[in-house]
Amino acid sequence: MKEVREFRDIVYGPVDSWRYKKSLGINILGNVKRICTYSCIYCELGPFSIKEQKNLYKFERDVFVQTNLIISEFKKFLDKYFDVITFSGAGEPTLVKNIKEVQKEIKNIIPDKPIILLTNSSLLYLNEVRKDISNFDIIDAKIDAVSEDFFKKMNRPFEFVKIENILYGIKKLKEEFKGKLHIQIMITDINYNHIEKISEFVNEIKPDEIHLNTPTREPWKKPLPPQKLLSLKKYFKDLKVRTPYD
Ligand code: SF4
C-alpha cells in the first residue's frame, strides 16, 4: 500500500519547503482524514474510494477546532526555529470559519513572521472568505486548469464548485488583497498541454510569484522531468516563476 500523508496534529513541523524555507504548519481542520472541496488526483492525503470521497467533500464553512485550542498548541512551538507560518494541512483551510480569528491571534503573538495561506481557490469567489483572509501576508492560490474538463480531471471538485467561480475569485482577490499573491500550478501529464491557456489567465492577473509544481510525493508520485517542467517558464511573461528544480 502506498504511503499517504496524515495530519493528526493541529500544529506540525517546522518542515522544509522549497518555496518558503522552514515552515511551521497550522492545520486548522484538526484530526481528520481530509475535508476539502476537491479530491485532486495527486492529493497526498488520498487516494480514497469513490464511496469514501463522498464523506470527505465539504462545501459549507464551519468551525472544526476551537481557536483557544489552536493557539495553545501553537504556543508549544515557540521555542523552535521557523521562517514562516503556513496555514495548510488536512484539506482546504478557507472552509474554516474561525480562520480570521486564528490568524489574528498568531500575528499578535509573533508579528515579525510572515503568515501564509495555501488555498485551492474554490471559495475565493465568496466575499466573506476574501474578507476573512485579507490580513494574511501571502496567499498562495492553486489553479491547475482554466476549463471545466481539465478542472474535473485534475481536481475532481465537489459538484457545486465551478471553474468560472474559481477564476472570478482569484481575479477579485488580486484586486482587493494588500499582501502578496502567489499562484501555484500543479503540472502533470494531464494538464501539460493546457498550460498555455492557464498562462493566459495568470499573465492577466499578474501575481507576485508563480510556482510551477509537479507531484513529487506519494501516493501519486509522477513528477515531470526537470527539462519538461522548466521549459514551461517561457509562457509567463515578465513574471517571477519558480519550480522545485531551480
Ligand atoms: S486541494 Fe489539496 S487537500 Fe484538497 S484534494 Fe486537492 S491536494 Fe488534497
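Just to be sure I understand, how many residues within the stretch 83-100 are within 12 Å of the ligand (Cβ to nearest atom) and on the phi < 0 side of the Ramachandran plot?
Going residue by residue through the stretch 83-100, those that are within 12 Å of the ligand (Cβ to nearest atom) are 88-95.
Checking the rest, the ones that are also on the phi < 0 side of the Ramachandran plot come to 88, 90, 92-95.
Residues in the stretch 83-100 being within 12 Å of the ligand (Cβ to nearest atom) and on the phi < 0 side of the Ramachandran plot: 6 in total.
With the requirement that a residue be more than 10 Å from the ligand (Cβ to nearest atom) and either within 14 Å of the chain's Cα centre (by Cα) or at pLDDT 90 or above (or both), what does the stretch 32-59 give you?
none
Out of Ile185, Ile210, report the one residue that is away from the ligand (no atom under 16 Å from the Cβ), in contact with a Leu (Cβ under 7 Å, 6 or more places away or on another chain), under 27 Å from Arg34 (Cα atoms) and β-branched (Val, Ile, Thr).
Working: Ile185 fails: away from the ligand (no atom under 16 Å from the Cβ).
On inspection, the qualifying residue turns out to be Ile210.
Just one of the numbered conditions (1) crowded, with 18+ Cβ neighbours inside 10 Å; (2) of a type in the set (Gly, Ala, Ser); (3) farther than 15 Å from Thr119 by Cα is not true of Ser147; which one?
With respect to (1) crowded, with 18+ Cβ neighbours inside 10 Å; (2) of a type in the set (Gly, Ala, Ser); (3) farther than 15 Å from Thr119 by Cα, Ser147 is out only on (1).
Quick check on the stretch 125-137. Is at least one of its residues within 17 Å of Asp208 (Cα to Cα), in contact with an Asp or Glu (Cβ under 8 Å, 6 or more places away or on another chain) and surrounded by fewer than 23 Cβ atoms within 10 Å (Cβ to Cβ)?
Yes, because at least one residue in the stretch 125-137 is within 17 Å of Asp208 (Cα to Cα), in contact with an Asp or Glu (Cβ under 8 Å, 6 or more places away or on another chain) and surrounded by fewer than 23 Cβ atoms within 10 Å (Cβ to Cβ).
What pairs come out if I take residues in the stretch 12-37 that are free of Cβ contacts under 8 Å to residues at least 40 places away in the same chain and pair them with residues that are hydroxyl-bearing (Ser, Thr, Tyr) and within 14 Å of the ligand (Cβ to nearest atom) whose C-beta lies under 9 Å away, six or more apart or interchain?
Here the result reads Val15/Thr86, each pair linking the stretch 12-37 to a residue that is hydroxyl-bearing (Ser, Thr, Tyr) and within 14 Å of the ligand (Cβ to nearest atom).
Any residue in the stretch 133-156 that is touching a strand residue (DSSP E or B) at 6+ places or on another chain (Cβ under 7 Å), more than 29 Å from Gln227 (Cα to Cα) and within 14 Å of the ligand (Cβ to nearest atom)?
Scanning the stretch 133-156, I find no residue that is touching a strand residue (DSSP E or B) at 6+ places or on another chain (Cβ under 7 Å), more than 29 Å from Gln227 (Cα to Cα) and within 14 Å of the ligand (Cβ to nearest atom), so the answer is no.
Condition first: among the polar types (S, T, N, Q) and either within 11 Å of Ile10 (Cβ to Cβ) or not in a loop (DSSP other than H, G, I, E, B) (or both). Now tell me which residues in the stretch 44-82 satisfy that.
Start the filter on the stretch 44-82 by keeping residues that are among the polar types (S, T, N, Q), which leaves 49, 53, 55, 66-68, 72.
Across the stretch 44-82, the qualifying residues are Gln53, Asn55, Gln66, Thr67, Asn68, Ser72.
I'd like the full set of residues that are under 16 Å from the mean Cα position of the chain (by Cα) and among the aliphatic types (A, V, I, L, M), limited to the stretch 136-160.
At the first step, the residues of the stretch 136-160 found to be under 16 Å from the mean Cα position of the chain (by Cα) are 136-145, 151, 154-157.
Residues satisfying the conditions are Ile138, Ile139, Ala141, Ile143, Ala145, Met154.
Ser88 - would you say it is closer than 18 Å to Gln184 by Cα and polar (S, T, N, Q)?
Details: closer than 18 Å to Gln184 by Cα: yes; polar (S, T, N, Q): yes.
Here the answer is yes, as Ser88 does meet what is asked.
The values are calculated or read from the model by the stated rules, or taken from the named source; none is laboratory data. None of the values given here were measured: they were computed from a predicted structure. No Cβ is skipped: glycine too gets one built from the backbone with ideal geometry, and neighbour counts run over all protein chains shown.
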